Structure formats: structure tokens, C-alpha cells
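Below is one structure, written out as C-alpha cells; the observations come after it.
Every number here is computed from the coordinates shown, using simple stated rules; none is lab data. Fair warning: this is a prediction, and the values are worked out from it, not measured in the lab. Reconstructed Cβ throughout: ideal geometry from the backbone, glycine too, with neighbour counts over all protein chains shown.
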Amino acid sequence: MNSIQKNRFKDRLFMYWGMFATLIGLVLLVVFIGDILIDGLGRIDWSFITNLPSRKPDKSGIYTALIGSIWILILTAFIVIPVGVAAGLYLEEYSKKNWLSGVLEINISNLAGVPSIIYGLLGLEVFVRIMNLGASVLAGSLTLSLLILPIIIVATREAIKAVPKSIQDASYALGASKWHTIWYQILPAAGGGILTGVILALSRAVGETAPLIVVGALAYVPFAPENPMDEFSVLPIQIFNWISRPQHGFIENAAAAIIILLLITFIMNGIAVYFRNKWQKKWK
Amino acid sequence: MEITMEKIADKKTVVHQTNEVNQASKIEVKDVNVWYGDFQAIKGINMNIKPNTVTAFIGPSGCGKSTFLRLFNRMNDYIDTHRMEGKIKINGNNIYKKKVNVEELRKEIGMVFQKPNPFPKSIFENVAYGLKIQGIKDKKFIIERVEKALKQADLWEEVKDNLKKSALALSGGQQQRLCIARTLAVEPSIILMDEPTSALDPISTSKIENLIFELKKKYTIIIVTHNMQQASRISDYTAFFYIGELIEFGKTKKIFTNPEHKRTENYITGRVG
Ligand SMILES: Nc1ncnc2c1ncn2[C@@H]1O[C@H](COP(=O)(O)OP(=O)(O)OP(=O)(O)O)[C@@H](O)[C@H]1O
Ligand SMILES: [Mg+2]
């Protein structure tokens with residue numbers, strides 16, 4: 001074999017390996033979703049969504065957990081978006097490049113990799129105990145906000161970095177202040193990227209279980225939360241609870257709840273993709 | 001930076017200027033040095049620029065033309081390692097004094113960049129941007145100004161029917177004229193141009209050169225260019241830079257026909273750079 005043939009062979013080999021690797025992921029996903037659909041699809045109806053949890057599997061529904069998840073989602077979004085975007089903007093546009101900002105930067109990236117249960121412990125100590133919020137929706141949202149804050153900061157910074165320098169120059173050269181430039185040029189241009197990051201981070205928060213269990217979210221709540229100080233459950237915890245029950249009916253319930261949870265995350269990711277494409281078109 | 005009616009009257013009688021009201025500014029540069037970190041990019045430059053003239057900055061790549069140009073609207077302020085010494089006076093006011101409001105300064109001194117850089121917004125919004133950030137809300141005033149600026153930049157006829165169209169849909173040459181219009185809408189007294197035609201085709205280039213010729217009646221213009229023909233066609237004065245130093249500065253005719261320095265001659269005739 002000469003070297004050209006050798007390279008061609010390597011090229012082929014790599015291509016097949018890549019195809020195989022892609023297929024593994026895809027096949028596993030299809031098998032998993034297929035399995036869940038077979039188990040759970042028959043169980044989904046309107047009463048499954050509107051029923052409170054019960055000891056009998058066929059009377060049981062996800063209402064409290066679903067409302068809990070929606071509460072958590074909205075409250076977390078309200079807390080984390082202003083803080084995360086502001087922090088990203090500050091780091092990218094205002095902070096001087098020195099050792100302190102370097103340390104800050106590395107730590108924020110590291111924070112994104114800290115296991116979520118650690119955030120649960122932090123939330124338990126700070127929000128539940130010291131701030132005395134109890135095992136409330138608010139305490140859960142604050143904990144999840146901490147968890148996804150680094151993701152949003154990093155996404156914001158990346159989106160801002162991608163805004164062409166020439167646009168900022170043009171703005172400043174016309175007499176714009178920093179604030180004008182951020183408000184009229186940088187944020188609109190980076191908006192798609194920021195929004196995508198925010199939605200993906202929130203969809204991760206919706207699927208989190210461990211930190212909320214640590215904070216004290218309940219597996220069984222008889223009522224849906226009505227204000228931020230109420231106790232709550234969320235879909236992943238409800239699923240976890242049902243899977244650990246012996247009756248087969250609960251396994252079906254778990255599968256059905258997983259379908260709903262997947263649907264929520266898929267819809268959120270779909271919205272993220274939609275915004276990204278829309279923005280890309282507008283901003284070329 | 002304000003010119004009172006008295007002063008204008010003065011100028012008319014003393015300098016025997018044209019009938020037009022002269023709003024352009026004069027620039028004085030005194031002992032200016034610039035560093036990027038440890039690297040000295042500008043070395044002890046002095047220069048006086050008269051109002052209503054076009055001055056061309058020429059010199060080999062990396063000699064500091066852009067650095068020097070960006071001193072006049074303080075665009076170098078954004079570079080962390082940048083350090084400047086000396087004085088730059090515009091109509092007698094040192095623009096590097098502490099209390100100078102940089103945003104106000106930049107309304108007075110517009111800039112056109114090498115690559116057309118329109119905002120990803122409509123044509124109208126591009127031209128109106130400078131007014132919008134000044135907090136001007138008067139719609140009628142803004143519409144008039146936008147039309148006037150687009151006419152001055154010789155773009156009005158081409159875009160008047162679709163001002164709502166995205167600026168990014170324009171051709172490169174049109175985009176650059178839009179960038180000029182955007183600068184004119186703020187009504188500065190000085191316009192800085194850093195190789196404004198280097199990314200354009202010959203026809204667009206000659207349009208912009210004609211434009212500069214027109215604009216000189218009202219503005220003081222400084223233009224960086226690598227194109228010797230362009231420098232000799234459109235400028236009244238030429239400054240030749242070489243590795244951070246101002247080698248020669250004088251009437252364009254003189255520089256191009258009978259330069260004092262060998263280096264200048266070599267560069268202009270294409271033997272260096
Ligand atoms: N931001 C910066 N940081 C450090 N050095 C810089 C920076 N900008 C420019 N320089 C250096 O300063 C010198 C002058 O650069 P400048 O861009 O002013 O040259 P120029 O004459 O405009 O060149 P060109 O004709 O290629 O545009 C160069 O040696 C360049 O490497
Ligand atoms: Mg340059």
C-alpha cells in the first residue's frame with residue numbers, strides 16, 4: 001500500500017467509526033423512547049394530567065407535580081435571567097482584564113461542572129435554613145438558579161463575543177455611550193444566542209431531581225403550590241417516586257409522566273432552535 | 001468647539017473665505033507619542049491641519065496611520081494597552097483633557113471605517129441612529145436630517161423608495177456611502193476616513209472620491225489611503241509616515257512632485273512599502 005492508499009484507508013476507517021458512533025446514540029435514543037411510549041402512551045389522558053396523586057395507580061395523576069414544575073420553571077427564569085445576563089455583560093464589557101477577572105472566569109466555567117447535588121446542599125443550608133425559606137418553591141427555584149447561572153453567564157458571554165467588533169466601533173464613533181451601544185447594538189445582536197442559552201439551561205433545570213430532593217421537595221403533595229412559599233413536588237421527583245413502587249400500574253404512570261417531561265423539554269429545545277434560526281436570518 | 005456668529009464673521013473678513021458659512025474645524029497636534037504596551041507606535045508628531053481641507057495620510061503598512069487617525073476621536077481609548085502623551089487641540093481645545101466628554105467629542109468628529117460596517121437594521125435606522133442616541137424624538141426633524149444626509153452622501157436616489165430595507169441588502173459601495181451618510185447625519189465638523197475605498201470597486205471608489213471633494217466645502221477631512229493616485233487626486237495636504245514618525249507633511253502637489261525626503265520619494269514612486 002502506498003501512502004495515498006494508506007491515507008484513503010484511514011479516511012474510510014474514520015468515516016465508518018464516526019457513522020457507528022452516531023448510530024449508537026441514535027439507536028439507543030429510539031429504543032428508549034419506543035420503550036417509554038409503549039409503556040406509557042396508553043396511560044395518558046386528560047385525567048392523568050388533572051388528577052392529584054393517589055394510592056391507586058389508575059386514579060393517580062401528575063397535576064401537583066406538573067404545576068410544581070411550571071412554578072419552578074417560571075420562578076427560576078425570573079431569578080436567573082436578569083442576574084445571569086447582567087453578569088455575562090459585566091464580565092464581557094465592563095470588567096478590566098486582570099488576574100481577578102481571570103480567576104473569576106475560570107471559576108465560572110468550573111462551576112458549570114459541579115455536580116448538581118452539591119448545589120442542593122448549598123441551597124439547603126443557605127435558602128432553607130439560613131434564609132428560613134423552608135422547603136418552598138422559592139427555595140427550590142433559588143437553588144436551581146444557582147445551578148444554571150454559570151451556564152447562562154457562559155452563553156451570554158459567547159453570544160456577546162460573537163457580535164462583530166466593527167458594529168460596536170460604528171456605534172461608539174457616532175457618539176454612543178457604552179450603555180447605548182449595549183442596549184441598541186450588542187443585546188439585539190446577541191439576543192438570539194442568549195435566549196438559546198437561557199432556554200437550554202431552563203430545560204436542564206426542569207429535569208433536575210437531586211438538588212430539589214436535598215432541598216426538601218416532597219414526593220407526595222396533596223395540593224398544587226399556589227404561591228412561592230408553598231411546598232411542592234416536580235415531575236422528575238414524581239417519576240422517581242412512582243418507579244420505586246412495586247405495583248405495575250405505577251411503572252406505567254412513571255412512563256407516562258416521562259413522556260410529558262420529555263415533551264416539555266423537546267418543546268423548549270424547539271423554541272430555542274426556532275429563535276436561533278429566526279435571529280440568524282434577521283442578523284445575517 | 002462652538003463657533004459664534006462673531007467668529008464666523010471674523011473669518012469671512014480676515015481669511016476671505018468663500019460665501020459659505022464655514023463650520024469646519026482646525027486641528028493642532030503637539031508632541032504626540034503613543035504606546036501599545038512597551039511598543040511605541042507614534043513618535044513625537046507635530047502637525048497642524050487647516051479647516052476645509054482634505055489631508056491624506058500615507059505610508060507603508062504598520063507605520064501608525066490608523067493609530068494616529070484614531071487619536072482624533074479617541075477611538076484608541078478602548079484598547080487596554082494603549083497610552084498616549086501630548087496634546088491634540090481641536091479649535092483650540094485639548095481633547096485629551098480629563099473633563100472632555102468623549103461622546104460629545106465624537107458627535108463633532110465622525111469616522112468612516114475601512115470595511116463598510118452598517119448596523120444590521122434598516123437604511124433609515126442606520127442614518128437616524130446618531131440622532132436617536134442623542135435623545136432626539138422629533139420625527140419630522142429626524143426624517144429631514146436622514147434625507148439630507150442621504151442626499152449629501154449621494155445615495156438618496158438609489159434608496160429613497162425603500163428606506164425600510166435592511167442595510168445589509170445594499171452593495172458594498174452603497175453600504176459605504178450609507179456609512180458616510182450615517183456620519184453626516186450627526187453634522188460633525190471633522191470626518192476621519194480609514195481607507196474608506198479599499199474594499200470597493202473602481203466605480204464606487206470614484207463616487208466616494210467625488211463625494212469627498214464635495215464634502216470638503218463644509219468639513220475638514222482626513223483620509224488614510226494606500227492608493228497614491230487617490231491621495232494625489234483628492235487631497236490638499238499629504239502626510240507621509242514611516243515607522244511611527246511623520247517624515248514629511250505639506251501640500252500634496254509639492255509632496256508628489258518635489259518631496260524633500262528621499263524616503264517619501266521612494267515610497268511614492270513605489271520603491272518602498
Ligand atoms: N491594538 C494594538 N495592540 C498592539 N499593537 C498594535 C495595536 N494596533 C496597532 N498596533 C501596532 O501599531 C503599529 C501601527 O499600527 P497601525 O494599525 O496604526 O498601522 P497602519 O499604518 O494603519 O497600517 P495599515 O496600513 O496596515 O492599516 C503596528 O506595528 C501595529 O502592529
Ligand atoms: Mg490602518
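Observations
- Residue by residue along A:160-173, Cβ atoms of other protein chains within 10 Å of the local Cβ number 5 on average.
- Size descriptors for the protein assembly as shown (Cα atoms only): Rg and Dmax, in that order, 32.2, 103 Å.
- From the C-alpha gyration tensor of segment B:5-268, square roots of 5λ in Å: 29, 21, 20
- Most to least packed among A:7-15, A:236-244 [average Cβ atoms within 10 Å]: A:236-244, A:7-15
- Entries of B:K87/B:K107; A:K165/B:K115; B:K50/B:K216 with Cα pairs more than 18 Å apart: B:K87/B:K107
- Peptide B:129-137 shows a mean partner chain C-beta count of 4 within 10 Å per residue C-beta.
- Across segment B:5-268, Cα pairs under 8 Å and at least six residues apart give a relative contact order of 27 percent.
- Whole-number D in µm²/s for segment A:47-282 (Stokes-Einstein; Kirkwood sum over Cα pairs; 37 °C, 0.692 mPa s): 170 µm²/s
- 25 °C / 0.890 mPa s Stokes-Einstein diffusion coefficient of segment A:18-113, Kirkwood radius on C-alpha pairs, µm²/s: 134 µm²/s
- Whole-number D in µm²/s for segment A:95-205 (Stokes-Einstein; Kirkwood sum over Cα pairs; 20 °C, 1.002 mPa s): 133 µm²/s
- Neighbouring partner chain Cβ atoms per residue of B:116-124, average, 10 Å criterion: 4
- For chain A, adding -39500 (n - 2.57) for each run of n ≥ 4 DSSP H residues and dividing by the number of residues yields -23500 deg cm²/dmol at 222 nm.
- Largest to smallest principal axis extent of the C-alpha atoms in segment A:3-43, angstrom: 60, 7, 6
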